[in-house]
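To start, the structure under review is shown below, and the notes come after it.
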Amino acid sequence: MRLKLKSGIYLTVVPVKQFKTVRVAVNLIAPLTPGVQAKRLLLANLLENCTAEFPNQAAIARQLAKLYGAGFGVTVNRRGNSHSLSFILNCLNDEVNTSLLEDGMDFLKQVIFHPLTDENGFEANNFLRERRNLKQAVISAADNKQLTTYLALQKAYFTDLVQQEPSFGTLEQLENLNAANLFQYYQTCLAQDQVEIIVLGDVTQGQAEQLAEKLDFKPRAKQDFGLFYQQTWQPKLRQNSFKQTVSQSKFDLAFSLPIYYDQAEFAAALVFDAIFGGLPLSRLFVNVREKRGLAYYASSSFDSFRGILAVQTGIDAANKERAQEVICQQLRELQQGRISQVELADAKKMLLNDYQSQLDSQSSQLRRTLLTNLTGSDLTGRKWEQALDKVGTEQVAAVAQQAKLQASSYLQGMDGK
């Protein structure tokens, strides 16, 4: 049940008895704007490692031990036009020590509202250490050639500069952040971001409300932004090619697929993606890699918040044109409805099993609850099963027909591979 505590601040209680712990997520939701991803990732790293009362990781670890081994973390997530900064506490539901959850929320309050600061903003040494660590992680990301090629594809595909940005931001954005301006930005987050508090576990609505009251968020104006990023069709194919000294070339394709989370064709879109490149024995794996030996790997992924279908492959340079030809051939066959009943059944079974397995995970249930709050659509197990049951070859073909090639990225190995 979702309850409005104050303007812009919401509490959702998910009372389940299957877990021995209670998990609390405090999500700060903001529009995705230039530089936000670098700021909020650095914030997550900084806030996770020190507070005014617990000024280092050792002090935080000692406090969590006092809470009978409670778990804690700060994460970030981009969905369409939104960005989430999430504080997550996992605390034992101890019927004997009834104050354990309250103590856990006191700790979470310290993390959120009382970070370690000095006269200029965030404490200088901690800030510089975390910024240095994040800059090094961004630099190291260049060694991941599969990621590098995908980021080049993202830059070629999206017309919106913010959507082109890596989820970790850029070195230039990090360099422009200092202890003062990042602290000022965080104060803006606390004052303006939409707040979604989710409590999941063996708790009552009343208990959850008492816990949420410990978090003294002030009312704020409603955040009014469209969650889904929708891009206008671009008739010209955009290509991004570059060379590096690597042993294996990478070749990625991006297709526009304007279907979004829990819309009428959402289930069919996921079935299509599973058959096309998402399953272990998908069309791309079998026909591009196994039968023709054109790729070391070949798979697809569908982003239902940005309407993009991405295909990623690792190839020898000599196979580039042929690989693209076979990929597009597999898409045409699906568009024509050339789908076996075995493929259809396997894809639907995989998707249903994936949903059911997530019911055993508190993290997955928290994530689904947040999606329900942000989209207004409650994708229950029964609803999901019914949606999958309705998907046939005609529905998959209709989705496939909406997939249109928009961009490609090609990392060619300098040795020709």
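Exactly one residue out of 216, 160, 193, 224 is open to solvent by less than 50 Å² (accessible area, probe 1.4 Å) and either out of contact with any strand residue (DSSP E or B) (no Cβ under 8 Å at 6 or more places or on another chain) or modelled with pLDDT of 95 or more (or both): that is 193.
Can you go through 77, 56 and tell me which one is open to solvent by 60 Å² or more (accessible area, probe 1.4 Å), closer than 19 Å to residue 116 by Cβ and not charged (D, E, K, R)?
Details: 77 fails: closer than 19 Å to residue 116 by Cβ.
Matching residue, one of 77, 56: 56.
The condition (being at pLDDT 95 or above, surrounded by 17 or more Cβ atoms within 10 Å (Cβ to Cβ) and either closer than 22 Å to residue 27 by Cβ or within 28 Å of the chain's Cα centre (by Cα) (or both)) is satisfied by just one residue among 147, 85: 85.
Only one residue in 211, 147 is free of Cβ contacts under 8 Å to residues at least 40 places away in the same chain and of a type outside the set (Ser, Thr, Tyr). Which one?
Details: 211 fails: free of Cβ contacts under 8 Å to residues at least 40 places away in the same chain.
The match here is 147.
Any residue in region 59-67 that is open to solvent by less than 20 Å² (accessible area, probe 1.4 Å), among the β-branched types (Val, Ile, Thr) and out of contact with any Leu (no Cβ under 7 Å at 6 or more places or on another chain)? Lay out the reasoning, then the answer.
Taking region 59-67 first, the residues open to solvent by less than 20 Å² (accessible area, probe 1.4 Å) are 59-60, 67.
Restricting the remaining residues to those that are among the β-branched types (Val, Ile, Thr) gives 60.
Add one more test, that the residue is out of contact with any Leu (no Cβ under 7 Å at 6 or more places or on another chain), and what stays is 60.
Yes - at least one qualifying residue is present in region 59-67.
Restricted to helices (runs of 4 or more DSSP H) entirely inside region 278-384, those with at least 3 residues that are closer than 30 Å to residue 32 by Cβ, touching a Phe, Trp or Tyr at 6+ places or on another chain (Cβ under 8 Å) and open to solvent by less than 50 Å² (accessible area, probe 1.4 Å) are 362-375.
Considering region 22-49, and only residues there that are of a type in the set (S, T, N, Q) and open to solvent by 30 Å² or more (accessible area, probe 1.4 Å), the residue that is farthest from residue 180 (Cα to Cα) turns out to be 33. The condition (being open to solvent by less than 60 Å² (accessible area, probe 1.4 Å), at pLDDT 95 or above and part of a helix (DSSP H, G or I)) is satisfied by just one residue among 182, 211, 200: 182.
The values are calculated or read from the model by the stated rules, or taken from the named source; none is laboratory data. Since we're looking at a predicted model, the values are computed, not measured. We place every Cβ from the backbone using ideal geometry, glycine too, and count neighbours over all the protein chains shown. Just the protein is used for accessible areas: all its heavy atoms, side chains included, with ligands, DNA and RNA removed. Shrake-Rupley method; radii C 1.70, N 1.55, O 1.52, S 1.80 Å.
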